[in-house]
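K.L.:
Okay, handing you the structure first.
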Amino acid sequence: MHTISNTLAPILADPLALARRSTQPLGYIGNDLPPDLALASERLFCHLPWQTGRATPWADRWLESAFPGWARSMLEDWAAGTFDFFDAVIFSRGDDAAQRLYYYVCELQRRGRLNGPRALILDVTKVPRQSSIRHCRQALLTLLDELDLDPGALAQGIEAANLRRRWYQDLLQGPALPGHLTENLARAVLFQDVYQQLAEAPMPGVPTTQLPLVLGGSAPPDDRFHRAAEAVGWNVCGELHQRSLARYGPPITDYGSDALSALAQSLHGNAYGSRSFSDRADLLAAGIAASGAKAVVLWLTEEDESLAWDVVRQRAVLEQLQVPALVLTRRHWDGMDGAVDEIVQFLEENKS
C-alpha cells in the first residue's frame, strides 16, 4: 500500500479517532468553515462523519423528506451520543441542508429531545455584492467570539492554511493522481490535517492507458464512482463539486493589515457549494479544458435542487465541446441506486 493510502485509510475508517483524544474539539458540518480558523487555534476542528447504507429511525421521526441521507446519518449519531465529546458543532449557512439541520438541532435541544454539544452557525452569505463580504466578516468575527479565538491569530492561521492551499493546487494542477486517492485525501482532510505527514510524500501516478474523466454535480459519498471508473480504464482527474480539493481555492493574499477581511473575501468568493453564485457551466468548461477530459459524469442527488438549474447550460457546453456526458439527476445520495452500473456502462461505451 502506498504512503498516502497508509495515512488516509485509518482516518477514513475511523474519522473521529483523533477528535476523541483531543481537548475540547470542535465539530462542523458543511464545506465553508475555513481551515485558517482551525490552524489559528490549538483546538481540533473535525467535520461530522456520515455513514451510507444505514437505518436512521430516530432522525426519520423528526426530519422532513427533503433532508439528504448524510444529514439523517449525522442526526442519528448525534442522538446516540456519538458526538458528545465535541465542545460545539458549527453549521454552515452556505449549505442549505446544513443550515436547516442547525435549526432542527436547536429546536430539538430546546425541547429536551436531544442532548449533545451546543450548536453554532457560521452565517456565511455569497450574494455577489460588497455588503455580503461585510456580512461574512461579521459572521467570522461572531464565530471567533463564540469560540474564544483571538482574531489576532488569524494571520498565522492564514499563513499555515496557504501552505495547504498551495499543496492542493500543486496536486490538482500537476501530473494526474489516481482519482480515488484524490477523493480520499479531500475527504480525510475534513476530519484531520495531514499536511505534515504527506506534503513531501511521493505521489503515485496514473497508467497512461487510463482515460481522463470529469466528475461534477453533487458531492459523492465516498470513492465508489472513482474506483468504478478506474476498473474500466478511466480516471477521475477533475472534480467539480463542493467536497473536492478545489474547494479551498487559491492562497489568500494581502492579509497582513486586515486578516479578517481577507478571510471574509476568500470565503465569500468560494466557487463551490450549493449557494455559490458562480457560473457552473463556465466551471465545467474550464474543468474539461484543464484536465483534457474525454468524458463527463454529472451526478446530482434528489435533494440538491439548486444544482439542477445549471444542467441545461452545462448540457449546452458539453454539446458545444462535443464531450460525451452522462447526466444522472434526482439520484439517491449514497449512490446505491444503480448509479455505479450506469456509470460503468457509459464509460465502457465511450472508450474509443
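K.L.:
Spot the failing condition for Leu114; the list is (1) out of contact with any Phe, Trp or Tyr (no Cβ under 7 Å at 6 or more places or on another chain); (2) assigned to a loop (DSSP other than H, G, I, E, B); (3) of a type in the set (A, V, I, L, M), and only one is missed.
P.N.:
The number of the failed condition is (1).
K.L.:
On to the next question. Go through the residues of region 52-73 one by one and say whether even a single one is farther than 30 Å from His135 by Cα, acidic (Asp, Glu) and without any contact (Cβ under 8 Å) to a residue 40 or more places away in the chain.
P.N.:
yes
K.L.:
Quick check, is Glu342 over 23 Å from Gln173 (Cα atoms), touching a residue at least 24 places away in the same chain (Cβ under 8 Å) and in a helix (DSSP H, G or I)?
P.N.:
no
K.L.:
Select, from Arg243, Arg330, Arg313, Arg247, the only residue that is out of contact with any Asp or Glu (no Cβ under 7 Å at 6 or more places or on another chain), outside any loop (DSSP other than H, G, I, E, B), of a type in the set (Lys, Arg) and closer than 24 Å to Gly69 by Cα.
P.N.:
Exactly one of Arg243, Arg330, Arg313, Arg247 is out of contact with any Asp or Glu (no Cβ under 7 Å at 6 or more places or on another chain), outside any loop (DSSP other than H, G, I, E, B), of a type in the set (Lys, Arg) and closer than 24 Å to Gly69 by Cα, namely Arg247.
K.L.:
Turning to a different aspect of this structure: Show the residue pairs that are 6+ apart or on different chains and have beta-carbon atoms under 6 Å apart, the first residue being within region 311-322 and closer than 14 Å to Leu300 by Cα, the second being part of a helix (DSSP H, G or I).
P.N.:
Here the result reads Gln314/Ala281; Gln314/Leu284, each pair linking region 311-322 to a residue that is part of a helix (DSSP H, G or I).
K.L.:
Restricted to region 38-55, and to residues that are touching a Phe, Trp or Tyr at 6+ places or on another chain (Cβ under 7 Å) and surrounded by 22 or more Cβ atoms within 10 Å (Cβ to Cβ), which residue is farthest from Leu260 (Cα to Cα)?
P.N.:
Among them, the one singled out is Leu48.
K.L.:
Right, here's the next one. If we keep just the residues of region 31-46 that are out of contact with any Gly (no Cβ under 7 Å at 6 or more places or on another chain) and either assigned by TED's automatic domain parsing to the domain that holds Tyr248 or not in a loop (DSSP other than H, G, I, E, B) (or both), which is farthest from Arg187 (Cα to Cα)?
P.N.:
If we take residues in region 31-46 being out of contact with any Gly (no Cβ under 7 Å at 6 or more places or on another chain) and either assigned by TED's automatic domain parsing to the domain that holds Tyr248 or not in a loop (DSSP other than H, G, I, E, B) (or both), then Ala38 is farthest from Arg187 (Cα to Cα).
K.L.:
Of all residues in region 257-288, count the ones that are at pLDDT 85 or above, closer than 17 Å to Asp36 by Cβ and under 17 Å from the mean Cα position of the chain (by Cα).
P.N.:
4
K.L.:
May I pose another question? Scan Val214, Val189, Val236, Val194 and give me the residue that is closer than 26 Å to Ser22 by Cβ and buried (at least 20 other Cβ atoms within 10 Å of the Cβ).
P.N.:
From the options Val214, Val189, Val236, Val194, the qualifying one is Val189.
The values are calculated or read from the model by the stated rules, or taken from the named source; none is laboratory data. What you see is a predicted model; the values in this text were computed from it and never measured. Counting neighbours? That spans all protein chains shown, and the Cβs are built from the backbone with ideal geometry, glycine included.
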